[in-house]
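Student: First the structure, which I've put down as structure tokens, then a few questions once you've had a look.
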Amino acid sequence: MITVSISPLTYQSARRPIWCAGCGDYNVLSALYGALSQVKAVPEETIIVSGIGCSGRLPGFVNSYGFHTVHGRALPIAVGAKVARPELTVLAVGGDGDGMGIGGGHLPHVARRNPDLTYILVDNSLYGQTKGQTSATTPQGQVTSTAPYGNRDQPVNPVLLALAYGASFVARGFAGAQHHEQLTELMAQGIRHRGFGFIHVLSPCVTFNPIETYRYYQERVTNLPATHNPSDRLAALGQALAQGEKIPLGLFYQASRPTLEEGLEEIRQQAAPEGKGSLQELLEQFA
Ligand SMILES: Cc1ncc(C[n+]2csc(CCOP(=O)(O)OP(=O)(O)O)c2C)c(N)n1
Ligand code: SF4
């Protein structure tokens, strides 16, 4: 019998990341290696779908199937992969520009349909790949390359949105070294969760964002209170509203409900040749 041992190294691809030295995305990647090894994901049965951006390069650095798609479209393509091959472990990854800006319209519909996949939103509060433009999560007043007088717009709150849209697993982690273990654990929990897992990761862009730095987050992040009950959606919404001087990390919410694939399978059964509402029955109406 051949024994295959799985470790985080199992998931390292031959391609070396080309992110700037110190970019938070390195920690996101290594936490993901750890999480995949915790859940013993089989590389040949795992697919990571990404949009466009620095963070969108991540699938290339993982020993699994990967699909670097188009800007903002990681989620619909990941849903397609899951529906076509429900037995696969499916992940989607992308930046705040990708997932909260150009692709922001997909999150509500994926969250409410509850496909069994995990979405990692790598938030550096601006567009990294295109050199630091304002994104949907840039704080008000922050100067960026497209907001020389300071960003006028109120930022979106990704955790609050995911909860409001009905995601069945919502968590937040930080790509700082001291929080690596927590981020790894949250990712593993998200992958194990049966349904749509949304993980918001605070990931500093060391090249274009001099404000939301590692130190900025280290001074603000705090664990959710030990008394927080992740099955209480109202409490989770309350915690999600705490942003700014105090940024809670951890599992905000988790609920069990039928997945998109389970619903589709039920329809398939009902539409089986002998079933009610079958194709045969439908054709007979036109006879
Ligand atoms: C349709 C389309 N519009 C614009 C772009 C240009 N573009 C590439 S990456 C990017 C933003 C990336 O920012 P984010 O999603 O936050 O990822 P990051 O690079 O910060 O990881 C933009 C606007 C594009 N590739 N495609
Ligand atoms: S530009 Fe920013 S987000 Fe992109 S690789 Fe460099 S540090 Fe990371």
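Student: Name, by its number, the condition in (1) closer than 21 Å to Ala175 by Cα; (2) away from ligand 2 (no atom under 16 Å from the Cβ) that does not hold for Gly99.
Tutor: Going through (1) closer than 21 Å to Ala175 by Cα; (2) away from ligand 2 (no atom under 16 Å from the Cβ) one by one, Gly99 breaks only (2).
Yes/no matrix, rows are residues, columns are (1) within 14 Å of Gln129 (Cα to Cα); (2) at pLDDT below 95; (3) within 16 Å of ligand 2 (Cβ to nearest atom):
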position: Lys40; (1), (2), (3): no, no, no
position: Glu45; (1), (2), (3): no, no, no
position: Cys54; (1), (2), (3): yes, no, yes
position: Phe61; (1), (2), (3): no, no, yes
position: His71; (1), (2), (3): yes, no, yes
position: Ile77; (1), (2), (3): no, no, no
position: Ala84; (1), (2), (3): no, no, no
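Student: A follow-up question, please. Condition first: in a helix (DSSP H, G or I) and more than 7 Å from ligand 1 (Cβ to nearest atom). Now tell me which residues in segment 102-133 satisfy that. Give the derivation first.
Tutor: So the first thing to find is which residues in segment 102-133 are in a helix (DSSP H, G or I), and the list is 102, 106-113.
Within segment 102-133, His106, Leu107, Pro108, His109, Val110, Ala111, Arg112, Arg113 meet the criteria.
Each row is one residue, and each column tells you yes or no for (1) crowded, with 22+ Cβ neighbours inside 10 Å; (2) assigned to a loop (DSSP other than H, G, I, E, B); (3) among the hydroxyl-bearing types (Ser, Thr, Tyr); (4) at negative phi.
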{"site": "Gln140", "(1), (2), (3), (4)": "no, yes, no, yes"}
{"site": "Arg172", "(1), (2), (3), (4)": "yes, no, no, yes"}
{"site": "Gln178", "(1), (2), (3), (4)": "no, no, no, yes"}
{"site": "Gln182", "(1), (2), (3), (4)": "no, no, no, yes"}
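Student: Kindly list, by first and then second residue, each pair from a residue in segment 51-75 that is in contact (Cβ under 8 Å) with a residue 40 or more places away in the chain and farther than 14 Å from Ser13 by Cβ to a residue that is assigned to a helix (DSSP H, G or I) and away from ligand 2 (no atom under 16 Å from the Cβ), limited to pairs with Cβ atoms under 6 Å and residues at least 6 apart or on different chains.
Tutor: Listed pairs, sorted by first residue: Gly51/Ala74; Leu75/His106; Leu75/Val110.
Student: Restricting attention to helices (runs of 4 or more DSSP H) lying wholly within segment 201-275, give those where 2 or more residues are under 24 Å from Ala78 (Cβ atoms). Break it down into steps so the answer makes sense when it comes.
Tutor: Values: elements: 214-220, 233-240, 260-270.
The qualifying helices (runs of 4 or more DSSP H) are 233-240, 260-270.
Student: Return yes when Ser13 is more than 16 Å from ligand 2 (Cβ to nearest atom), over 22 Å from Tyr214 (Cα atoms) and free of Cβ contacts under 8 Å to residues at least 40 places away in the same chain and no when it is not. I'd like the intermediate steps shown before the answer.
Tutor: On the way: more than 16 Å from ligand 2 (Cβ to nearest atom): yes; over 22 Å from Tyr214 (Cα atoms): yes; free of Cβ contacts under 8 Å to residues at least 40 places away in the same chain: no.
In short, no.
Student: Go through segment 196-215 residue by residue and tally those that are surrounded by fewer than 24 Cβ atoms within 10 Å (Cβ to Cβ) and either outside the structural domain of Ser135 (by TED's automatic domain parsing) or not hydroxyl-bearing (Ser, Thr, Tyr) (or both). Reasoning before the result, please.
Tutor: Residues of segment 196-215 that are surrounded by fewer than 24 Cβ atoms within 10 Å (Cβ to Cβ), as a first pass: 206-215.
Now drop any that are not either outside the structural domain of Ser135 (by TED's automatic domain parsing) or not hydroxyl-bearing (Ser, Thr, Tyr) (or both), which leaves 206, 208-212, 215.
Adding up the residues that qualify gives 7.
Student: Answer yes or no as to whether Gly104 is in contact (Cβ under 8 Å) with a residue 24 or more places away in the chain, crowded, with 20+ Cβ neighbours inside 10 Å and either under 17 Å from Val201 (Cα atoms) or in contact with a Ser or Thr (Cβ under 8 Å, 6 or more places away or on another chain) (or both).
Tutor: Details: in contact (Cβ under 8 Å) with a residue 24 or more places away in the chain: yes; crowded, with 20+ Cβ neighbours inside 10 Å: no; either under 17 Å from Val201 (Cα atoms) or in contact with a Ser or Thr (Cβ under 8 Å, 6 or more places away or on another chain) (or both): yes.
Considered against the rule, which asks whether it is in contact (Cβ under 8 Å) with a residue 24 or more places away in the chain, crowded, with 20+ Cβ neighbours inside 10 Å and either under 17 Å from Val201 (Cα atoms) or in contact with a Ser or Thr (Cβ under 8 Å, 6 or more places away or on another chain) (or both), Gly104 comes out as no.
Student: Also, quick follow-up: For residues that are part of a loop (DSSP other than H, G, I, E, B) and out of contact with any helix residue (DSSP H, G or I) (no Cβ under 6 Å at 6 or more places or on another chain), scanning just segment 67-101, find the one that is surrounded by the most Cβ atoms within 10 Å (Cβ to Cβ). Lay out the reasoning, then the answer.
Tutor: First, the residues of segment 67-101 that are part of a loop (DSSP other than H, G, I, E, B): 69-73, 85-88.
Subsequent filtering for residues that are out of contact with any helix residue (DSSP H, G or I) (no Cβ under 6 Å at 6 or more places or on another chain) retains 70, 73, 85, 87.
On the way: Val70: 13, Arg73: 20, Arg85: 13, Glu87: 7.
Top of the filtered list is Arg73.
Student: Return the total of residues in segment 20-66 being among the hydrophobic types (A, V, I, L, M, F, W, C), within 16 Å of ligand 1 (Cβ to nearest atom) and in a loop (DSSP other than H, G, I, E, B).
Tutor: Residues flagged as among the hydrophobic types (A, V, I, L, M, F, W, C), within 16 Å of ligand 1 (Cβ to nearest atom) and in a loop (DSSP other than H, G, I, E, B) within segment 20-66 amount to 5.
The values are calculated or read from the model by the stated rules, or taken from the named source; none is laboratory data. Note that the structure is predicted; figures quoted are calculated from it, not measured. Note that each Cβ is placed from the backbone with ideal geometry, even for glycine, and that neighbours are counted across all protein chains shown.
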